[in-house]
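Inspection log for the structure reproduced underneath, given as structure tokens.
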Amino acid sequence: QRGTGGYIDLTGGDGVSGGKVILTGGIGRELDGGGLLLASGLGATASSGKVSIASSDSGELSGSVKLSTGAAARGVSGSMTLSTASAQEESGSILLHVGTSSNAAGGHI
């Protein structure tokens with residue numbers, strides 16, 4: 001196929017307080033709940049797409065970014081994995097960076 005693929009733009013509404021965008025998997029009444037996959041597109045002969053998760057800049061306090069597993073009423077809560085994939089040339093790095101402050105201590109890792 002030729003040309004550029006279509007896109008979907010989900011945006012919360014503008015207002016005194018901006019509207020939220022919520023993506024939720026379905027409830028499993030007897031079996032597992034529905035999953036949520038956020039993945040970039042395959043690049044068949046070039047790079048795959050980037051995935052960015054970020055809060056926007058702010059004039060006062062920027063929003064937090066939280067990645068967490070849910071609690072388990074019975075059994076075991078989910079695991080969390082942060083990894084890069086293998087590559088023929090050079091695999092990607094994992095970088096953790098905290099910001100600096102002009103008036104107080106910077107963040108911590």
Would you check if Gly13 is surrounded by 10 or more Cβ atoms within 10 Å (Cβ to Cβ) and either acidic (Asp, Glu) or assigned to a loop (DSSP other than H, G, I, E, B) (or both)? no
Could you say whether any residue in segment 70-84 is open to solvent by less than 100 Å² (accessible area, probe 1.4 Å) and under 26 Å from Leu10 (Cα atoms)? yes
Of everything in segment 23-56, what is open to solvent by 100 Å² or more (accessible area, probe 1.4 Å) and either farther than 18 Å from Ala72 by Cβ or in contact with a Ser or Thr (Cβ under 9 Å, 6 or more places away or on another chain) (or both)? Give them in sequence order. Leu23, Thr24, Leu36, Leu37, Leu38, Leu42, Thr45, Ser47, Lys50, Ser52, Ile53
If you go through Ser47, Ser52, Ser77, the only one that is among the hydroxyl-bearing types (Ser, Thr, Tyr) and closer than 30 Å to Ser101 by Cβ is Ser52
Just give me the residues in segment 41-82 being closer than 18 Å to Val21 by Cβ and either of a type outside the set (D, E, K, R) or in contact with a Gly (Cβ under 8 Å, 6 or more places away or on another chain) (or both), in sequence order. Val51, Ser52, Ile53, Ala54, Ser55, Ser56, Ser58, Ser62, Gly63, Ser64, Val65, Leu67
Go through the residues of segment 83-106 one by one and say whether even a single one is touching a Leu at 6+ places or on another chain (Cβ under 9 Å) and closer than 26 Å to Lys20 by Cβ. no
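The values are calculated or read from the model by the stated rules, or taken from the named source; none is laboratory data. Everything numeric in this text was worked out from a predicted model, so none of it was measured. Note: ideal-geometry Cβ built from the backbone for every residue, glycine included; neighbour counts use all protein chains shown. Accessible surface is based on the protein model in full, side chains and every heavy atom, while ligands, DNA and RNA are left aside. Shrake-Rupley method; radii C 1.70, N 1.55, O 1.52, S 1.80 Å.
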